[in-house]
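Enquirer: Have a look at this one.
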Amino acid sequence: MKVQVLAAAVALSLAALLPAAAAPMVIKYSHVVADQTPKGQAALKFKELAEKALPGKVEVQVFPNSQLFGDGKEMEALLLGDVQIIAPSLAKFAKYTKKLQIFDLPFLFDDIAAVDRFQDSAKGQELLDSMTGKGIKGLGYLHNGMKQLSANKPLKTPADAKGLKFRIQSSDVLEAQFKAVGGNPQKLAFAEVYQALQTGVVDGTENPWSNIYTKKFHEVQKVIMDSNHGVLDYMVITNAGWWKSLPDDVRTALNKAMVESIKYGNKVAFDEAENYRQKVIADKKADVMPMSKAELGQWREAMKPVWTKFEGDIGKDLIDAALAANK
Ligand code: LMR
């Protein structure tokens, strides 16, 4: 017994003499959607790759579903250093730059491949640095997909939207888009959408298939139109000061993990959009309705004045570059 006590005491004093292993740097990555979505998958891939590249040096903590911060708070939290990486929708940056409003213009991009080409172009890449003066560094674009209109009745023509309340992201462009068809847009945080639809606070909304399915919006909407009228993509961002303060080797390794994780998330976005659409159809909770070319033409016509309204803020050169990406 005595020997055991002595051995334990010796072990304790030896441990005290050894230098304590440095605790890994904690990197918090917060977002508002489900783990299964393109953004959720990209965040988890970043954790895997960053921790593999920097073993024992970094610990990435991923917080999905607005668990840590929701819309409205996450940007402030990033600037305060309470979270290190977030990936807000491109619709949520107007407070920091008006240029990114381009992504909200209705019917600007033909499809997600065109969005991809524009983001990859010189003009698209420049936008990643459009907020560095505000302390925000863009690490890359991440896809979700094209948005679909939904409501409790078919929205075949713009006249069908008249008088309906639509939940929108916090974007003045999207506000103008729904006003252009006689709707009443209401800015609401993503975490509040399901309840707002369920209780009738709003009648309809717009979102890509992965968000519709994983947040069960199709269970509280009667109809989802195959409208593909706009895009919902993200910019993965970090605090510019924090990023700059990192040791070079750590920054390089994190950047590499980020690039790879975005590639992975984009693949999920490309591969899974149709699968999520099929899952919504298979659930038989809402009708998924095709739209004819003529019907979509009417929506495009009604919403087109929004481009002119925001052209001054965004810049005609940027709009032209986006249109050129349609091929
Ligand atoms: C929304 O608010 O509808 C989206 O921006 C949520 C998201 O991050 O996909």
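Enquirer: Take each of the peptides 286-293, 93-100, average the number of other beta-carbon atoms within 10 Å over its residues, and list them starting from the highest.
Expert: For the peptides 286-293, 93-100, the packing ranking is 93-100, 286-293.
Enquirer: To continue, here is another question. What is the sum of charges around Leu246, taking Lys and Arg as +1, Asp and Glu as -1, for the other residues whose C-beta is under 12 Å from the C-beta of Leu246?
Expert: +2
Enquirer: Picking from Ile212, Val259, Leu232, whose Cα lies most toward the positive end of the charge dipole for the chain (charges on Cβ: Lys, Arg +1; Asp, Glu -1)?
Expert: About the Cα centre, the residue reaching furthest to the positive side is Ile212.
Enquirer: Compute from the Cα atoms of region 194-327 the Rg and the Dmax, the latter being the longest Cα-Cα distance, and quote both in angstrom.
Expert: 19.5, 56
Enquirer: Find which of Ser150, Leu318, Gly138 sits farthest along the positive direction of the dipole of the chain, computed with +1 on the beta-carbon of Lys and Arg, -1 on that of Asp and Glu, about the Cα centre.
Expert: Ser150
Enquirer: Now for a different question. So how long is each side of region 174-273 along the principal axes, counting just the alpha-carbon atoms, biggest first, in Å?
Expert: The Cα atoms of region 174-273 stretch 52, 30, 25 Å along their principal axes.
Enquirer: Out of Phe107, Phe46, Ile27, whose Cα points farthest toward the positive end of the dipole of the chain (charges: +1 Lys, Arg; -1 Asp, Glu; placed on Cβ)?
Expert: Towards the positive end, the residue furthest out is Ile27.
Enquirer: Counting only residues 5 or more places away or on other chains, whose amide H sits under 5 Å from the amide H of Phe63 once H atoms are built in the peptide plane?
Expert: Under 5 Å from the amide H of Phe63 lie the amide H atoms of Tyr29, Ser30, His31, each far enough along the sequence or on another chain.
Enquirer: Once region 234-300 is represented by equal point scatterers at the alpha-carbon sites, with solvent omitted, what log10 I(q)/I(0) does the Debye formula produce at q = 0.15 Å⁻¹?
Expert: Summing over Cα pairs of region 234-300 leads to -0.74.
Enquirer: Still on this structure: From the square roots a ≥ b ≥ c of the eigenvalues of the alpha-carbon gyration tensor of region 109-257, which class results: rounded (a/c under 1.5), prolate (a/b over b/c), or oblate?
Expert: prolate
Enquirer: Could you derive backbone 3J(HN,Hα) for region 201-210 from the dihedral phi with the Karplus parameters 6.51, -1.76 and 1.60 (θ = phi - 60°), listing whole Hz in sequence and x where the residue is Gly or Pro?
Expert: Along region 201-210, the couplings run 4, 10, 9, x, 6, 8, 6, x, 4, 5 Hz.
Enquirer: Counting only protein heavy atoms and using a 1.4 Å probe, what share of the accessible area of region 161-289 belongs to carbon plus sulfur, as a whole percent?
Expert: About 49 percent, which is the carbon plus sulfur part of the accessible surface.
Enquirer: Would you pull out the residues with amide H under 5 Å of Asn207's amide H, same chain only if 5 or more places away, H placed 1.01 Å from N?
Expert: Under 5 Å from the amide H of Asn207 lie the amide H atoms of Gln148, each far enough along the sequence or on another chain.
Enquirer: Then there is this: So what are the ³J(HN,Hα) numbers for region 276-287, from phi and the Karplus equation (6.51, -1.76, 1.60; θ = phi - 60°), rounded to whole Hz, Gly and Pro as x?
Expert: For region 276-287, the Karplus-derived couplings read 5, 4, 4, 5, 5, 4, 5, 5, 6, 8, 10, 7 Hz, x marking Gly and Pro.
Enquirer: Moving to a separate point now. Before rounding to the nearest 500, sum -39500 (n - 2.57) across all DSSP H runs of length at least 4 in the chain and divide by the residue total; then give [θ] at 222 nm in deg cm²/dmol.
Expert: For the chain, the value works out to -13500 deg cm²/dmol.
Enquirer: When averaged across all projection directions, what area in nm² does the alpha-carbon convex hull of the chain cover?
Expert: Here the figure is 21.0 nm², rounded to one decimal.
Enquirer: Report the Cα centroid-to-centroid distance between region 81-138 and region 261-311 in angstrom, as an integer.
Expert: Distance between centres, Cα-based: 19 Å.
Enquirer: I would also like to ask the following. For region 152-220, with only Lys/Arg (+1) and Asp/Glu (-1) charged at the beta-carbon, what is the dipole magnitude about the Cα centre, in debye rounded to 20?
Expert: Dipole magnitude for region 152-220 comes out near 120 debye.
Enquirer: Note the angle between two axes, namely the Cα long axis of helix 2-17 and the longest principal axis of the Cα atoms of the chain, as a number of degrees from 0 to 90, rounded to the nearest 10.
Expert: Between helix and principal axis, roughly 60 degrees.
Enquirer: Name the residues whose placed amide hydrogens come within less than 5 Å of the amide hydrogen of Asn184, ignoring near sequence neighbours (fewer than 5 apart) on the same chain.
Expert: Result for Asn184 returns Gly163, Leu164, Lys165, Phe166.
Enquirer: Only four residue types carry charge here, +1 at the Cβ of Lys and Arg and -1 at the Cβ of Asp and Glu. Report the dipole size of region 144-302 about the Cα centre in Debye, rounded to the nearest 20.
Expert: 240 debye
Enquirer: Using each residue's phi in region 115-120, evaluate 6.51 cos²θ - 1.76 cosθ + 1.60 at θ = phi - 60° and report the 3J(HN,Hα) Karplus result to the nearest Hz, with x for Gly and Pro.
Expert: Karplus-based 3J(HN,Hα) across region 115-120 equals 4, 4, 5, 5, 4, 7 Hz.
Enquirer: Now a separate question. Given region 163-226, what whole percent of its Cα pairs are spread farther than 17 Å?
Expert: 35 percent
The values are calculated or read from the model by the stated rules, or taken from the named source; none is laboratory data. Owing to the predicted nature of the structure, the values given are computational and were not obtained by experimental measurement. So basically every Cβ, Gly included, is an ideal-geometry build from the backbone, and we count neighbours across all protein chains shown. Quick note on the areas: whole protein, heavy atoms, side chains included, nothing else; ligands and nucleic acids left out. Shrake-Rupley method; radii C 1.70, N 1.55, O 1.52, S 1.80 Å.
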